[in-house]
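Visitor: Pasting a structure below so you can have a look.
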Amino acid sequence: MKKADVFEFFRRLAEANPHPETELESGNTYQLLVAVVLSAQATDAGVNKATRRLFAEVKTPAQMLALGEDGLKQHIKTIGLFNSKAKNVIALSQALMDQYGGEVPADRSALEQLAGVGRKTANVVMNVAFGAETFAVDTHIFRVGNRTGLARGKTPLAVELKLEKAVPQPFRLHAHHWLILHGRYICKARTPECWRCPVIDLCAFKPKTSPPATKKSAPAAG
């Protein structure tokens, strides 16, 4: 995609949604970190449903450790892979207490050393909590980047590095949110809703989808 088209691509997404935000609910940076760890291979809506009661009780690593692994499992048992996620959350909470005084470090490399925290999770926390211009490539961004031609790559890291080079100011801070939301609600995996896409003319995806046919109403009985 040409530089001018990339700028226009994000300009339109920004115009439609000037202040995009993560759909994961949290009250502080620690809760955000926990929510993102829990969101791996799970929906944001499912995570939010499980964490609302949890986060009313647990706001710090110390409180999570007091709750314990078994107590945490009771809160998150509706989330996929909850056993391993509970183990990771307890481990990362202990590490935060031991190494960072209970605070979440504003450093991607440090975050990636925590249990259950990969590059994508670290990028989300750096962006949302600390205002870093990072690109957290999930399945939605991976699909949108490749399908549209914005940032093609065979791995999430390859797509991230392409975005790092391609996305211009003033769109870098919120770029990954726009792309996630675009992929979640318009550029869907099975059937992209091209007929209502604001960047359809900039997209390299050839088999553009048409709007669903309206059902004909049955003839009135006479």
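Visitor: Sort 98-110, 120-132 by the packing proxy (mean of other Cβ within 10 Å over each peptide's residues), most packed first.
Guide: Highest-to-lowest ranking by the protection proxy: 120-132, 98-110.
Visitor: ³J(HN,Hα) across the range 58-64 via Karplus (A = 6.51, B = -1.76, C = 1.60, θ = phi - 60°), whole Hz, x for Gly/Pro?
Guide: With the stated coefficients, the range 58-64 comes to 10, 10, 9, x, 4, 5, 5 Hz.
Visitor: Then there's this: Towards the positive end of the charge dipole of the range 43-199, with charges on Cβ (+1 Lys, Arg; -1 Asp, Glu), say which of LEU173, ALA115, VAL199 has the farthest Cα.
Guide: Selected residue: VAL199.
Visitor: Now a separate question. With a/c under 1.5 counting as rounded, go ahead and sort the range 70-222 into rounded, prolate or oblate using the C-alpha gyration tensor (a ≥ b ≥ c being the square roots of the eigenvalues; past the cut-off, prolate if a/b is larger than b/c, else oblate).
Guide: Verdict is oblate for the range 70-222.
Visitor: What ³J(HN,Hα) values, in whole Hz, does the Karplus curve 6.51 cos²θ - 1.76 cosθ + 1.60 give for the range 124-136 when θ = phi - 60°, with x put for Gly and Pro?
Guide: Going residue by residue, I get 4, 5, 4, 6, 6, 8, 10, x, 7, 7, 10, 10, 8 Hz, with x marking Gly and Pro.
Visitor: Another one. Lysine pairs, Cα distance under 17 Å, 8 or more residues apart or cross-chain: how many in the range 72-222?
Guide: For the range 72-222, qualifying lysine pairs total 11.
Visitor: Related question: The range 178-217 to the range 56-72: how many Å between their Cα centroids?
Guide: 42
Visitor: In whole Å, what is the distance between the alpha-carbon centres of the range 76-149 and the range 15-51?
Guide: Each part reduced to its Cα centre gives a spacing of 11 Å.
Values in this text are rule-based calculations from the coordinates and carry no lab data. These figures come from a predicted structure and were not determined experimentally. Glycine gets a Cβ as well: all are built from the backbone with ideal geometry, and neighbour counts include every protein chain shown.
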